[in-house]
Amino acid sequence: PEIIKKYGYPVEVHTITTKKNYILEFHRIPHGVSGPSKDRPAVFLQHGILSSSADWLLAGTEKGFAYILADAGYDVWMPNVRGTRYSRKHVDWDPDKNAKQFWDFSWHEIATEDLPDLVDYVIEQTKQEKIFYIGHSQGTCVFYVMCAEKPEYNAKFRAMFSLAPIAYMKWMTSPLMRIIAIAEGGMEFILSLIGMYEFLPQNSFLGKLGEWFCSDGSIFQMLCTNSLFAVCGFNPAQMNATLLPVIMGHTPAGSSTRQFLHFAQEVNSGKFRKYDYGAFKNMREYGSLSPPKYKLSKVTAPINESGLLEEKNLDQEIPGPPGWRLRRWVCSPSLRKENLLQKIQVRSLAQSTKLIDDNTSW
(Lines give C-alpha, C1' and ligand atoms only; values in the text may rest on other atoms or scores of the structure.)
Protein backbone atom coordinates (compact mmCIF):
# COMPACT_ATOMS: atom_id res chain seq x y z
CA PRO A 1 0.00 0.00 0.00
CA GLU A 2 2.85 2.40 0.77
CA ILE A 3 4.19 2.01 -2.78
CA ILE A 4 0.83 3.05 -4.23
CA LYS A 5 0.47 6.07 -1.93
CA LYS A 6 3.98 7.18 -2.81
CA TYR A 7 2.93 7.91 -6.40
CA GLY A 8 -0.30 9.70 -5.50
CA TYR A 9 -2.72 6.90 -6.38
CA PRO A 10 -5.67 6.03 -4.13
CA VAL A 11 -5.35 2.72 -2.31
CA GLU A 12 -7.65 0.56 -0.22
CA VAL A 13 -6.69 -2.42 1.93
CA HIS A 14 -9.31 -5.15 2.24
CA THR A 15 -9.00 -8.23 4.46
CA ILE A 16 -11.08 -11.37 4.09
CA THR A 17 -11.19 -14.59 6.06
CA THR A 18 -11.67 -17.62 3.83
CA LYS A 19 -13.83 -20.64 4.61
CA LYS A 20 -10.60 -22.40 5.65
CA ASN A 21 -9.80 -19.54 8.08
CA TYR A 22 -6.83 -18.11 6.20
CA ILE A 23 -6.73 -14.32 6.47
CA LEU A 24 -5.95 -12.80 3.07
CA GLU A 25 -5.17 -9.21 2.17
CA PHE A 26 -6.38 -7.38 -0.93
CA HIS A 27 -4.87 -4.16 -2.30
CA ARG A 28 -7.15 -2.06 -4.47
CA ILE A 29 -6.53 0.94 -6.74
CA PRO A 30 -10.11 2.13 -7.40
CA HIS A 31 -9.09 4.69 -10.03
CA GLY A 32 -6.10 6.49 -11.56
CA VAL A 33 -4.57 9.85 -10.71
CA SER A 34 -7.12 11.68 -12.88
CA GLY A 35 -9.83 10.91 -10.34
CA PRO A 36 -12.85 8.63 -9.93
CA SER A 37 -15.35 7.87 -12.68
CA LYS A 38 -18.42 5.70 -13.12
CA ASP A 39 -18.64 2.27 -14.71
CA ARG A 40 -15.02 1.26 -14.19
CA PRO A 41 -14.66 -2.47 -15.05
CA ALA A 42 -13.09 -4.50 -12.26
CA VAL A 43 -9.85 -6.31 -13.10
CA PHE A 44 -8.41 -9.02 -10.84
CA LEU A 45 -4.58 -9.24 -10.92
CA GLN A 46 -3.32 -12.57 -9.54
CA HIS A 47 0.40 -12.78 -8.83
CA GLY A 48 2.66 -15.78 -9.34
CA ILE A 49 4.59 -18.02 -6.98
CA LEU A 50 7.02 -16.34 -4.53
CA SER A 51 5.36 -13.05 -5.47
CA SER A 52 2.77 -10.67 -4.03
CA SER A 53 0.61 -7.75 -5.08
CA ALA A 54 3.79 -5.64 -5.06
CA ASP A 55 4.96 -7.27 -8.29
CA TRP A 56 2.29 -5.39 -10.26
CA LEU A 57 3.66 -2.11 -8.90
CA LEU A 58 7.45 -2.27 -8.55
CA ALA A 59 8.21 -0.95 -12.04
CA GLY A 60 6.68 2.45 -11.22
CA THR A 61 3.84 4.40 -12.78
CA GLU A 62 5.12 4.19 -16.37
CA LYS A 63 5.59 0.42 -16.48
CA GLY A 64 3.74 -0.96 -13.46
CA PHE A 65 0.81 -2.93 -14.86
CA ALA A 66 -1.57 -1.93 -12.03
CA TYR A 67 -0.95 1.79 -12.58
CA ILE A 68 -1.39 1.44 -16.35
CA LEU A 69 -4.75 -0.26 -15.88
CA ALA A 70 -5.95 2.21 -13.23
CA ASP A 71 -5.10 5.17 -15.50
CA ALA A 72 -6.85 3.43 -18.40
CA GLY A 73 -10.16 3.38 -16.54
CA TYR A 74 -10.12 0.13 -14.57
CA ASP A 75 -10.88 -0.71 -10.94
CA VAL A 76 -7.79 -2.73 -10.01
CA TRP A 77 -7.89 -5.49 -7.36
CA MET A 78 -4.68 -7.26 -6.29
CA PRO A 79 -5.09 -10.22 -3.90
CA ASN A 80 -2.31 -11.92 -1.98
CA VAL A 81 -2.67 -15.69 -1.72
CA ARG A 82 -2.13 -17.60 1.50
CA GLY A 83 1.42 -17.83 2.79
CA THR A 84 2.74 -14.66 1.12
CA ARG A 85 4.04 -11.67 3.06
CA TYR A 86 0.65 -9.90 3.21
CA SER A 87 -1.41 -13.06 3.82
CA ARG A 88 0.72 -15.00 6.27
CA LYS A 89 -2.13 -15.27 8.77
CA HIS A 90 -4.71 -17.76 9.99
CA VAL A 91 -7.48 -17.60 12.59
CA ASP A 92 -6.13 -20.59 14.55
CA TRP A 93 -2.59 -21.33 13.37
CA ASP A 94 0.63 -19.39 13.63
CA PRO A 95 2.78 -19.89 10.50
CA ASP A 96 5.87 -20.51 12.66
CA LYS A 97 4.52 -22.25 15.77
CA ASN A 98 1.96 -24.33 13.87
CA ALA A 99 3.95 -24.67 10.67
CA LYS A 100 2.89 -28.22 9.80
CA GLN A 101 -0.80 -27.29 9.85
CA PHE A 102 -0.49 -23.79 8.36
CA TRP A 103 1.66 -24.78 5.36
CA ASP A 104 -0.22 -27.97 4.51
CA PHE A 105 -1.36 -26.82 1.08
CA SER A 106 -0.38 -26.60 -2.56
CA TRP A 107 -1.63 -24.38 -5.37
CA HIS A 108 -4.57 -26.79 -5.67
CA GLU A 109 -5.94 -25.56 -2.33
CA ILE A 110 -5.28 -21.94 -3.33
CA ALA A 111 -7.29 -22.55 -6.50
CA THR A 112 -10.21 -24.45 -5.00
CA GLU A 113 -10.48 -22.89 -1.53
CA ASP A 114 -9.10 -19.33 -1.64
CA LEU A 115 -9.54 -18.05 -5.18
CA PRO A 116 -13.33 -18.56 -5.30
CA ASP A 117 -13.71 -16.57 -2.08
CA LEU A 118 -11.50 -13.79 -3.45
CA VAL A 119 -13.39 -13.61 -6.76
CA ASP A 120 -16.76 -13.58 -4.98
CA TYR A 121 -15.56 -10.75 -2.74
CA VAL A 122 -14.63 -8.52 -5.70
CA ILE A 123 -17.94 -9.23 -7.44
CA GLU A 124 -19.83 -8.44 -4.24
CA GLN A 125 -17.91 -5.22 -3.57
CA THR A 126 -18.14 -3.89 -7.13
CA LYS A 127 -21.69 -5.09 -7.84
CA GLN A 128 -20.50 -6.36 -11.24
CA GLU A 129 -21.72 -9.69 -12.57
CA LYS A 130 -18.48 -10.38 -14.44
CA ILE A 131 -14.90 -9.20 -14.03
CA PHE A 132 -11.61 -9.34 -15.93
CA TYR A 133 -8.88 -11.69 -14.66
CA ILE A 134 -5.17 -11.33 -15.39
CA GLY A 135 -2.91 -14.03 -14.01
CA HIS A 136 0.86 -14.37 -14.03
CA SER A 137 2.59 -17.75 -13.79
CA GLN A 138 0.97 -19.59 -10.84
CA GLY A 139 -1.82 -17.01 -11.13
CA THR A 140 -2.82 -18.63 -14.42
CA CYS A 141 -2.52 -22.17 -13.08
CA VAL A 142 -4.90 -21.55 -10.18
CA PHE A 143 -7.45 -20.03 -12.58
CA TYR A 144 -7.47 -23.14 -14.79
CA VAL A 145 -7.82 -25.38 -11.73
CA MET A 146 -10.59 -23.29 -10.18
CA CYS A 147 -12.65 -23.27 -13.40
CA ALA A 148 -12.05 -27.00 -13.95
CA GLU A 149 -12.96 -28.00 -10.40
CA LYS A 150 -15.72 -25.40 -9.97
CA PRO A 151 -17.16 -24.90 -13.48
CA GLU A 152 -19.78 -22.46 -12.23
CA TYR A 153 -17.01 -19.86 -11.90
CA ASN A 154 -16.44 -19.73 -15.67
CA ALA A 155 -19.49 -17.48 -16.00
CA LYS A 156 -18.03 -14.87 -13.64
CA PHE A 157 -15.36 -13.59 -16.05
CA ARG A 158 -15.59 -11.25 -19.02
CA ALA A 159 -12.17 -12.46 -20.16
CA MET A 160 -9.04 -14.04 -18.70
CA PHE A 161 -5.50 -13.08 -19.75
CA SER A 162 -2.68 -15.58 -19.12
CA LEU A 163 0.80 -14.10 -18.68
CA ALA A 164 3.52 -16.79 -18.73
CA PRO A 165 0.87 -19.52 -18.32
CA ILE A 166 1.62 -22.66 -16.36
CA ALA A 167 -0.20 -25.97 -16.64
CA TYR A 168 1.93 -28.56 -18.42
CA MET A 169 5.49 -28.17 -17.14
CA LYS A 170 7.41 -30.29 -19.65
CA TRP A 171 8.96 -27.19 -21.27
CA MET A 172 9.78 -25.35 -18.02
CA THR A 173 13.10 -23.47 -18.30
CA SER A 174 13.58 -22.47 -14.64
CA PRO A 175 16.88 -23.98 -13.42
CA LEU A 176 15.60 -24.03 -9.82
CA MET A 177 12.47 -25.96 -10.80
CA ARG A 178 14.51 -28.42 -12.84
CA ILE A 179 16.77 -29.11 -9.83
CA ILE A 180 13.79 -29.58 -7.49
CA ALA A 181 12.22 -31.95 -10.01
CA ILE A 182 15.32 -34.18 -9.99
CA ALA A 183 15.13 -34.61 -6.20
CA GLU A 184 11.33 -34.43 -5.85
CA GLY A 185 10.87 -38.11 -5.02
CA GLY A 186 12.51 -38.00 -1.58
CA MET A 187 12.47 -34.27 -0.97
CA GLU A 188 9.08 -34.07 0.74
CA PHE A 189 10.06 -36.71 3.30
CA ILE A 190 13.37 -34.95 4.07
CA LEU A 191 11.76 -31.49 4.34
CA SER A 192 9.05 -32.85 6.64
CA LEU A 193 11.69 -34.57 8.75
CA ILE A 194 13.54 -31.31 9.36
CA GLY A 195 10.33 -29.29 9.73
CA MET A 196 10.79 -27.16 6.61
CA TYR A 197 7.26 -26.48 5.40
CA GLU A 198 7.74 -22.90 4.19
CA PHE A 199 9.80 -22.14 1.08
CA LEU A 200 11.83 -18.91 0.79
CA PRO A 201 9.90 -16.66 3.19
CA GLN A 202 10.12 -12.88 2.82
CA ASN A 203 13.13 -11.68 4.77
CA SER A 204 14.12 -8.11 5.68
CA PHE A 205 17.77 -9.17 5.60
CA LEU A 206 17.45 -10.09 1.93
CA GLY A 207 15.96 -6.67 1.34
CA LYS A 208 19.00 -5.03 2.93
CA LEU A 209 21.34 -7.18 0.87
CA GLY A 210 19.49 -5.99 -2.21
CA GLU A 211 20.09 -2.37 -1.26
CA TRP A 212 23.79 -2.96 -0.62
CA PHE A 213 24.77 -5.33 -3.42
CA CYS A 214 22.23 -5.00 -6.24
CA SER A 215 22.15 -1.27 -6.97
CA ASP A 216 23.52 0.30 -10.16
CA GLY A 217 27.30 0.52 -10.04
CA SER A 218 27.70 -2.40 -7.65
CA ILE A 219 30.20 -5.04 -8.73
CA PHE A 220 27.79 -7.63 -7.28
CA GLN A 221 24.78 -6.62 -9.39
CA MET A 222 25.38 -9.48 -11.83
CA LEU A 223 25.10 -11.98 -8.94
CA CYS A 224 21.68 -10.54 -8.04
CA THR A 225 20.56 -10.77 -11.66
CA ASN A 226 21.70 -14.38 -11.95
CA SER A 227 19.90 -15.33 -8.72
CA LEU A 228 16.61 -14.22 -10.31
CA PHE A 229 17.47 -15.97 -13.57
CA ALA A 230 17.98 -19.18 -11.59
CA VAL A 231 14.33 -19.02 -10.53
CA CYS A 232 12.74 -17.49 -13.63
CA GLY A 233 14.91 -18.45 -16.58
CA PHE A 234 17.59 -16.52 -18.46
CA ASN A 235 16.65 -13.30 -20.29
CA PRO A 236 19.12 -10.40 -19.84
CA ALA A 237 17.56 -8.32 -22.64
CA GLN A 238 14.38 -7.79 -20.63
CA MET A 239 15.85 -7.56 -17.12
CA ASN A 240 15.63 -4.06 -15.67
CA ALA A 241 18.70 -4.21 -13.43
CA THR A 242 18.03 -0.75 -11.96
CA LEU A 243 14.97 -2.19 -10.21
CA LEU A 244 16.92 -5.01 -8.55
CA PRO A 245 17.16 -3.40 -5.07
CA VAL A 246 13.39 -2.83 -5.09
CA ILE A 247 12.66 -6.34 -6.38
CA MET A 248 14.92 -7.94 -3.78
CA GLY A 249 13.07 -6.00 -1.08
CA HIS A 250 9.80 -7.72 -2.01
CA THR A 251 10.86 -11.03 -3.58
CA PRO A 252 10.70 -13.83 -2.57
CA ALA A 253 7.37 -13.22 -0.83
CA GLY A 254 7.07 -16.79 0.49
CA SER A 255 5.19 -19.98 -0.35
CA SER A 256 4.69 -23.49 0.95
CA THR A 257 7.24 -26.14 0.01
CA ARG A 258 4.35 -28.24 -1.30
CA GLN A 259 3.59 -25.65 -3.98
CA PHE A 260 7.06 -26.19 -5.44
CA LEU A 261 6.89 -29.95 -5.01
CA HIS A 262 3.57 -30.01 -6.87
CA PHE A 263 5.11 -28.09 -9.77
CA ALA A 264 8.11 -30.44 -9.69
CA GLN A 265 5.73 -33.39 -10.03
CA GLU A 266 4.27 -31.71 -13.13
CA VAL A 267 7.75 -31.41 -14.64
CA ASN A 268 8.43 -35.10 -14.06
CA SER A 269 5.04 -36.45 -15.13
CA GLY A 270 4.40 -34.10 -18.04
CA LYS A 271 0.76 -34.05 -16.90
CA PHE A 272 -1.52 -31.42 -15.38
CA ARG A 273 -2.99 -33.22 -12.40
CA LYS A 274 -3.61 -33.14 -8.67
CA TYR A 275 -0.93 -33.64 -6.01
CA ASP A 276 0.69 -37.06 -5.94
CA TYR A 277 0.81 -38.27 -2.32
CA GLY A 278 2.03 -41.74 -3.24
CA ALA A 279 -0.04 -44.81 -4.10
CA PHE A 280 -1.52 -45.53 -0.65
CA LYS A 281 -2.60 -41.99 0.19
CA ASN A 282 -3.75 -41.44 -3.39
CA MET A 283 -6.17 -44.33 -2.94
CA ARG A 284 -7.51 -42.71 0.22
CA GLU A 285 -7.73 -39.20 -1.27
CA TYR A 286 -8.73 -39.95 -4.86
CA GLY A 287 -9.75 -43.60 -5.03
CA SER A 288 -6.98 -44.33 -7.53
CA LEU A 289 -3.27 -45.17 -7.43
CA SER A 290 -2.37 -42.09 -9.47
CA PRO A 291 -3.67 -38.54 -9.00
CA PRO A 292 -6.46 -37.58 -11.43
CA LYS A 293 -5.87 -35.10 -14.23
CA TYR A 294 -7.62 -31.75 -14.20
CA LYS A 295 -10.51 -31.72 -16.65
CA LEU A 296 -9.63 -28.67 -18.69
CA SER A 297 -12.57 -29.36 -20.97
CA LYS A 298 -14.64 -27.75 -18.22
CA VAL A 299 -12.77 -24.43 -18.54
CA THR A 300 -15.15 -22.43 -20.71
CA ALA A 301 -14.20 -18.86 -19.75
CA PRO A 302 -12.81 -16.78 -22.67
CA ILE A 303 -9.02 -17.07 -22.33
CA ASN A 304 -6.29 -15.02 -23.99
CA GLU A 305 -2.87 -16.64 -23.70
CA SER A 306 0.37 -14.69 -23.92
CA GLY A 307 2.31 -17.52 -25.55
CA LEU A 308 5.27 -16.67 -23.31
CA LEU A 309 5.46 -20.34 -22.38
CA GLU A 310 4.96 -23.14 -24.91
CA GLU A 311 1.65 -24.40 -23.51
CA LYS A 312 0.98 -26.60 -26.51
CA ASN A 313 -1.65 -28.72 -24.78
CA LEU A 314 -3.92 -25.86 -23.71
CA ASP A 315 -5.12 -25.16 -27.25
CA GLN A 316 -6.66 -28.62 -27.49
CA GLU A 317 -7.92 -28.98 -23.92
CA ILE A 318 -9.51 -25.59 -23.13
CA PRO A 319 -12.58 -25.17 -25.34
CA GLY A 320 -13.76 -21.75 -24.15
CA PRO A 321 -17.38 -20.65 -24.67
CA PRO A 322 -19.33 -21.75 -27.77
CA GLY A 323 -17.67 -20.44 -30.92
CA TRP A 324 -14.60 -19.34 -28.98
CA ARG A 325 -11.06 -20.11 -29.99
CA LEU A 326 -8.27 -19.70 -27.44
CA ARG A 327 -6.47 -16.49 -28.43
CA ARG A 328 -2.68 -16.17 -28.42
CA TRP A 329 -0.69 -12.98 -28.53
CA VAL A 330 3.04 -12.33 -28.28
CA CYS A 331 4.33 -8.76 -28.24
CA SER A 332 8.00 -9.67 -28.66
CA PRO A 333 10.02 -12.88 -29.04
CA SER A 334 12.35 -11.62 -26.30
CA LEU A 335 9.47 -11.79 -23.80
CA ARG A 336 9.25 -15.59 -23.90
CA LYS A 337 10.16 -15.99 -20.24
CA GLU A 338 8.36 -16.18 -16.95
CA ASN A 339 9.24 -13.12 -14.92
CA LEU A 340 7.89 -10.35 -17.15
CA LEU A 341 6.27 -8.02 -14.62
CA GLN A 342 9.42 -5.96 -14.05
CA LYS A 343 10.60 -6.20 -17.65
CA ILE A 344 11.14 -3.37 -20.06
CA GLN A 345 8.25 -3.77 -22.53
CA VAL A 346 5.38 -3.99 -20.05
CA ARG A 347 3.40 -1.09 -21.57
CA SER A 348 3.54 -2.63 -25.05
CA LEU A 349 2.45 -5.92 -23.46
CA ALA A 350 -0.51 -4.20 -21.81
CA GLN A 351 -1.51 -2.56 -25.06
CA SER A 352 -1.20 -5.81 -27.00
CA THR A 353 -3.84 -7.46 -24.78
CA LYS A 354 -6.34 -4.83 -25.98
CA LEU A 355 -7.76 -4.89 -22.46
CA ILE A 356 -7.15 -1.14 -22.29
CA ASP A 357 -8.66 -0.48 -25.72
CA ASP A 358 -11.94 1.37 -25.16
CA ASN A 359 -13.32 -0.04 -28.41
CA THR A 360 -12.91 -3.65 -27.33
CA SER A 361 -16.09 -5.40 -26.24
CA TRP A 362 -16.33 -8.78 -24.57
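Values computed for the structure shown
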| quantity | calculated |
| --- | --- |
| Shape of region 34-175, Cα gyration tensor, a/c cut at 1.5 | rounded |
| Tensor-based shape of region 54-111 (alpha-carbon gyration tensor, a/c under 1.5 rounded, otherwise prolate or oblate) | prolate |
| Cα-based shape type of region 80-163, given that a ≥ b ≥ c are square roots of the gyration tensor eigenvalues and the cut on a/c is 1.5 | prolate |
| Label-point separation in nm, ASN21 to ALA279, each point 7 Å along Cα→Cβ | 3.6 nm |
| Simple Cβ-charge dipole of region 42-108, Lys/Arg +1 and Asp/Glu -1, about Cα centre, in debye nearest 20 | 240 debye |
| Estimated FRET transfer efficiency when R0 is 25 angstrom, pair LYS6-SER37 (beta carbons, to 0.05) | 0.65 |
| Calculated from backbone phi, Karplus (6.51, -1.76, 1.60) coupling profile of region 275-286 in Hz, x at Gly/Pro | 5, 9, 8, x, 4, 5, 6, 4, 4, 6, 7, 10 |
| Exceeding the 30 Å Cα-Cα cut-off - candidates LYS89/LYS170; LYS20/LYS295; LYS19/LYS298; LYS5/LYS89 | LYS89/LYS170 |
| Percent RCO, i.e. relative contact order, over region 95-152, from Cα pairs under 8 Å lying at least 6 residues apart | 44 percent |
| Ranked order, ARG158, ARG40, ARG82, ARG284 - accessible area, probe 1.4 Å, largest first | ARG284, ARG158, ARG40, ARG82 |
| Pairwise label distance in nanometres, ASN268 with ASP92, each label 7 Å out on the Cα-Cβ vector | 3.1 nm |
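The values are calculated or read from the model by the stated rules, or taken from the named source; none is laboratory data. Since the model is a prediction, treat every value here as computed from it, not as a measurement. Virtual Cβ from ideal backbone geometry, glycine too; neighbours counted across all protein chains shown. Areas reflect the complete protein model, heavy atoms only, side chains present, ligands, DNA and RNA absent. Shrake-Rupley method; radii C 1.70, N 1.55, O 1.52, S 1.80 Å.
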